Structures are given as structure tokens and as C-alpha cells.
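The structure appears right after this line, and notes come after that.
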Amino acid sequence: MRTVEWSDPAIADLEEIDDYWSAYSPEAAESIAALIEKAANFLTVTPAAGPMIPEVDARKWRVAPTHYILLYRVTDAHIEVLRIRHARENWIRT
């Protein structure tokens, strides 16, 4: 089974998301972080679940029920989470 690897930019994204939500509610921040982790773990067993995005040579997966998306690549051993972006952002350029 594949494992999840978080890129440095994805870790920075997660920290930024946590900082943002912690200012409003530490419980919300924890909940969103758990949903992001759950989505990444889902991809370890269903790696082709997200559609391919040729512009960034990666796949995307929505972190339901949030508006965040994971941009990720599939390797033989890993799901490499490249970025965690809000769906309203121009995430193709990030």
C-alpha cells in the first residue's frame, strides 16, 4: 500500500490553513486538518480517484465537505501531496 508524503509547500499550506482557522476556532482548525489527512489517506487506496490536471502534471482531489483541494502525484510507493489550495484560488499557477 502507498504512503502519503507531504511536500514542503503542502506542509506550509497546511500550517497556513491551521493558522487561519485557529484564529476563529481551534476546534474547526483541528477538524479541517483531520479532513485533509483523511482525504490524503483515502488516496493511498484509490490513487486514481482525482482527475488528471495536465497543466500541473498532477491530480486533484476535493477535501469534502470543505472548499480545499489536494494537488497530488501518484508514484509506485507514495501519494505525494504537492499543495493544499482553496478551490477559489488560481491553484493551477501555485
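The values are calculated or read from the model by the stated rules, or taken from the named source; none is laboratory data. Since this is a predicted model, take the numbers as computed values, not measurements. Ideal geometry is used to build each Cβ from the backbone, glycine not excepted, and the neighbour counts take in all protein chains shown. Calculation scope for accessible area: heavy atoms of the full protein, side chains included, ligands and nucleic acids excluded. Shrake-Rupley method; radii C 1.70, N 1.55, O 1.52, S 1.80 Å.
Odds and ends about this structure:
- Taken over region 40-72, the criterion of being of a type in the set (D, E, K, R) and within 27 Å of A29 (Cβ to Cβ) is satisfied by R59, K60, R62.
- Subset of region 25-56 (residues that are part of a strand (DSSP E or B) and open to solvent by 60 Å² or more (accessible area, probe 1.4 Å)): M52
- In the set A39, A77, only one residue is among the hydrophobic types (A, V, I, L, M, F, W, C) and closer than 16 Å to L14 by Cβ; that residue is A39.
- Subset of region 1-24 [of a type outside the set (D, E), in a helix (DSSP H, G or I) and touching a helix residue (DSSP H, G or I) at 6+ places or on another chain (Cβ under 6 Å)]: W21, S22
- The sole residue among W21, W61 that is over 22 Å from M1 (Cα atoms) and open to solvent by 30 Å² or more (accessible area, probe 1.4 Å) is W21.
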